[in-house]
Amino acid sequence: MNDRQRVKAPPLAPDLDQKIIWTAKAIGARIGVGADFVRDTIAREPDSPIKALGSRLYVFEDALIDWLRHRAPNKPTKTP
């Protein structure tokens, strides 16, 4: 078999170099808000990248930053 016929196999595992941020407090510290805001507001959004494992929250840092960048300009704030 020559080099032209070889096909690179897809990776068997996801990219393991991604940074995971654990706990609402750490997530909040990364984006400049409090743990309560992370738990009560951001994590409850339907499309939030923040997930729960048992009672602990976690998020992949890249997914959180990407979500915040693309969400903020498109969502109008609600007025009471």
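The values are calculated or read from the model by the stated rules, or taken from the named source; none is laboratory data. Being a predicted model, the structure only gives us computed values, none of them experimental. Here the Cβ is made from the backbone with ideal geometry for all residues, glycine too, and neighbour counts use every protein chain on show. Accessible surface is based on the protein model in full, side chains and every heavy atom, while ligands, DNA and RNA are left aside. Shrake-Rupley method; radii C 1.70, N 1.55, O 1.52, S 1.80 Å.
Go through (1) at pLDDT below 90; (2) out of contact with any Lys or Arg (no Cβ under 9 Å at 6 or more places or on another chain) one by one and return the number of the condition ASP47 breaks.
Of everything listed in (1) at pLDDT below 90; (2) out of contact with any Lys or Arg (no Cβ under 9 Å at 6 or more places or on another chain), ASP47 misses just condition (2).
Please find, within the range 58-69, the residue that is nearest to TRP22 (Cα to Cα) out of those that are open to solvent by less than 70 Å² (accessible area, probe 1.4 Å) and aromatic (Phe, Trp, Tyr).
Looking at residues that are open to solvent by less than 70 Å² (accessible area, probe 1.4 Å) and aromatic (Phe, Trp, Tyr), I get TYR58.
What's the total number of residues in the range 1-40 that are over 17 Å from PHE60 (Cα atoms), open to solvent by 80 Å² or more (accessible area, probe 1.4 Å) and modelled with pLDDT of 80 or more?
3
Go through the range 42-57 and count every residue that is surrounded by 12 or more Cβ atoms within 10 Å (Cβ to Cβ) and polar (S, T, N, Q). Write out each step before concluding.
Our first condition is that a residue be surrounded by 12 or more Cβ atoms within 10 Å (Cβ to Cβ); within the range 42-57, this holds for 42-43, 45, 48-51, 57.
This time we only want the ones that are polar (S, T, N, Q), so: 48.
So the answer is 1.
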